[in-house]
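These notes are about the structure you will find just below.
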Amino acid sequence: MASLLTTKLTSERSRKDLVLDHCRLLSAGDVEGVMALYAGDVAFEDPVGSGRRTGRDALRAHVEEAVAAHAREVPGAPVAGQDGVHVLTSVTSVMDYLPRGPVYAGRGWLEPPADPEGTRLERYYVLMLRVGPDGLVQELKAFWGRSDLKVVG
């Protein structure tokens, strides 16, 4: 593994802008814009503990599902790591209950709503990105658990 002395670091401002751009573009429904932020060999886990997925095709399917559910993400203030590669932010996300809600209800995480078509999910999470020397995201991790997810009207 390369040391910090041999690795090109990305500025704190660039990394903070990158995580904010991710949230802004996803909320705008801009799949291509989101994908332009990520490296070809991107690895991601959303949520952490659900299994690591790799590659742009897997990420595209994940982003397309979020966009189809009308996901809207409101980020908190980003925090850049002193390592020159990581950035984190808290996010409040609201999306349609369908299609993911029944999966969460099936796991016992939520009570199914009476009107799934007109219901939304709210989720609080921490988004961590690892940025490569080319300025593209190499890794995404979303940290959230059952208590961070709720059904809203």
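Coordinate-derived values only; no laboratory data. Only a predicted model underlies this, so the values are computations on that prediction, with no experimental measurement involved. Note that each Cβ is placed from the backbone with ideal geometry, even for glycine, and that neighbours are counted across all protein chains shown.
Here are a few things to note about the model shown:
- Rounded tilt (10° steps) of 12-27 against the dominant C-alpha axis of the chain: 30
- Relative to the dominant Cα principal axis of the chain, helix 56-68 is inclined by about 40°.
- The stretch 45-111 - charge dipole about Cα centre, Lys and Arg +1 at Cβ, Asp and Glu -1, debye rounded to 20: 100
- Whole-Hz couplings from phi, Karplus 6.51/-1.76/1.60, listed for the stretch 76-93; x for Gly and Pro: x, 6, x, 10, 9, x, 6, 7, x, 10, 9, 8, 10, 8, 7, 9, 10, 10
- Seen from residue 72, the other residues with C-beta closer than 12 Å to its C-beta sum to a net charge of 0, counting Lys and Arg as +1 and Asp and Glu as -1.
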